[in-house]
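Asks: A single structure is presented below for examination.
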Amino acid sequence: MTMVRFMALIGTALMVAAPTTAARTEAARTDWAGRVAVTPAGSYVRGNPDAPRKLVEYASYTCDHCAHFSAEAATPLARAIAGGKVSIEFRHALRDRLDLTAALLARCAGPARFFAASEAIFAEQKAWIDRTIAYEQAERAALEAASPVERIRMTARASGLTAIVARFGVSAERANACLADPAQQKTLIDQANEAWSERRIPGTPHFILNGTPVAANDWPGLAPL
């Protein structure tokens, strides 16, 4: 083989290999924190679908321990997700009607904004729960006279939950529609049944890592991720 022909072959090989190398480099630079997928069960997964550590969180918006986890894990977990090492799937373990209201509104923000909306809801948990309690005591008669859907809408507005998700692009009209969406309600109820009746989780938050339940229920216990 002549030197000219050899160099031509090398050049061709480099041209073929270059896109593959570039693709690898691009994948390494991907910020996975902004990638969200939807599972067949309707739960949202944030991060690299091929992450070596797949974390599942069962949570409730009215659970104070869940709010605490959200606050302490937000920054370090987002960093781990961004690097492609960890993905997190959020599964709803509903505990009450107010929890259902918050979940419907968080999901109303859409997959891309769901996790940010959830963090905001958790961050203001005490305030909107306190407002709900006060409102339900003051407006008991009006709530009892309203239809189930209108009751949820009234509580969502009075609690401030609709104002929270408005920051993530959810208009009042869209919020009203989401709160009455039977398909979303079924998705959430099915997830709750899977959590409490089928898997029989001990409480919230509850975590599963790569298919195995984790004893820890706070960020220090999960930090080795």
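Asks: Mind listing whichever residues of the stretch 79-99 are within 20 Å of Val165 (Cα to Cα), surrounded by fewer than 22 Cβ atoms within 10 Å (Cβ to Cβ) and over 16 Å from the mean Cα position of the chain (by Cα)?
Replies: The answer is Asp96, Arg97.
Asks: Starting from residues that are under 15 Å from Pro202 (Cα atoms) and among the aliphatic types (A, V, I, L, M), keep the ones in the stretch 54-78 and report whichever is surrounded by the most Cβ atoms within 10 Å (Cβ to Cβ). Outline the logic, then answer.
Replies: We begin by selecting, within the stretch 54-78, every residue under 15 Å from Pro202 (Cα atoms); these are 56-60, 63, 65-66.
Narrowing further to those that are among the aliphatic types (A, V, I, L, M): 56, 59.
Details: Val56: 20, Ala59: 24.
Looking at residues that are under 15 Å from Pro202 (Cα atoms) and among the aliphatic types (A, V, I, L, M), I get Ala59.
Asks: Within the set of pairs 6+ apart or on separate chains, which have a first residue in the stretch 213-225 that is on the phi < 0 side of the Ramachandran plot, a second that is β-branched (Val, Ile, Thr), and C-beta atoms under 9 Å apart?
Replies: That search, which allows pairs on different chains as well, returns Pro213/Ile201; Val214/Ile208; Asn217/Thr204; Gly221/Val214; Leu222/Val214; Leu225/Val86.
Asks: Just name the residue that is surrounded by the most Cβ atoms within 10 Å (Cβ to Cβ) out of those in the stretch 172-195 that are more than 20 Å from the chain's Cα centre (by Cα) and over 25 Å from Pro40 (Cβ atoms).
Replies: Asn176
Asks: Still on this model: If you take the residues in the stretch 196-212 that are within 19 Å of the chain's Cα centre (by Cα) and within 22 Å of Ile81 (Cβ to Cβ), which one is surrounded by the fewest Cβ atoms within 10 Å (Cβ to Cβ)?
Replies: Looking only at the stretch 196-212, we keep the residues that are within 19 Å of the chain's Cα centre (by Cα), and these are 196, 201, 203-211.
Still in the list and also within 22 Å of Ile81 (Cβ to Cβ): 204-211.
Details: Thr204: 24, Pro205: 22, His206: 21, Phe207: 22, Ile208: 17, Leu209: 16, Asn210: 11, Gly211: 7.
The selected residue is Gly211.
Asks: Can I ask one more? Looking for something assigned to a helix (DSSP H, G or I) and within 15 Å of Arg97 (Cα to Cα) - is there at least one such residue anywhere in the stretch 196-210?
Replies: To start, the set of residues in the stretch 196-210 that are assigned to a helix (DSSP H, G or I) comprises 196-198.
If we keep only those that are within 15 Å of Arg97 (Cα to Cα) too, we end up with none.
The answer is no, given that none of the residues of the stretch 196-210 is assigned to a helix (DSSP H, G or I) and within 15 Å of Arg97 (Cα to Cα).
Asks: Step by step: first the residues of the stretch 50-90, then only those that are assigned to a helix (DSSP H, G or I) and among the β-branched types (Val, Ile, Thr), then the one that is farthest from Lys126 (Cα to Cα). Which residue is that?
Replies: Here is the first cut: in the stretch 50-90, the residues assigned to a helix (DSSP H, G or I) are 64-82.
Those left that are additionally among the β-branched types (Val, Ile, Thr): 75, 81.
Working: Thr75: 21, Ile81: 28 Å.
The qualifying residue farthest from Lys126 (Cα to Cα) is Ile81.
Asks: Restricting to the stretch 118-152, what's the tally of residues that are acidic (Asp, Glu) and touching a helix residue (DSSP H, G or I) at 6+ places or on another chain (Cβ under 8 Å)?
Replies: First, the residues of the stretch 118-152 that are acidic (Asp, Glu): 119, 124, 130, 136, 139, 144, 150.
Imposing the further condition that a residue be touching a helix residue (DSSP H, G or I) at 6+ places or on another chain (Cβ under 8 Å) reduces the set to 119, 124, 136, 139.
So the count comes out to 4.
Asks: Restricting to the stretch 124-153, count the residues that are within 26 Å of the chain's Cα centre (by Cα), closer than 16 Å to Leu100 by Cβ and either aromatic (Phe, Trp, Tyr) or not in a helix (DSSP H, G or I) (or both).
Replies: Qualifying residue count, the stretch 124-153: 1.
Asks: Still on this structure, please answer the following. Is it the case that some residue within the stretch 107-128 is more than 21 Å from His65 (Cβ to Cβ), in contact with a strand residue (DSSP E or B) (Cβ under 8 Å, 6 or more places away or on another chain) and of a type in the set (A, V, I, L, M, F, W, C)?
Replies: Yes, the conditions are met somewhere in the stretch 107-128.
Asks: Next up: Of these, Ala175, Ala192, Ala156, which one is touching a residue at least 40 places away in the same chain (Cβ under 8 Å), in a helix (DSSP H, G or I) and touching a strand residue (DSSP E or B) at 6+ places or on another chain (Cβ under 7 Å)? Quick ask: steps written out before the conclusion?
Replies: Details: Ala175 fails: touching a strand residue (DSSP E or B) at 6+ places or on another chain (Cβ under 7 Å); Ala156 fails: touching a strand residue (DSSP E or B) at 6+ places or on another chain (Cβ under 7 Å).
When all the criteria are applied, what remains is Ala192.
A short reminder: the numbers here are calculations on the coordinates, not readings from a lab. Computed from a predicted structure; not experimentally measured. Using ideal geometry, Cβ is built from the backbone for each residue, glycine included, and neighbour counts are taken over all protein chains shown.
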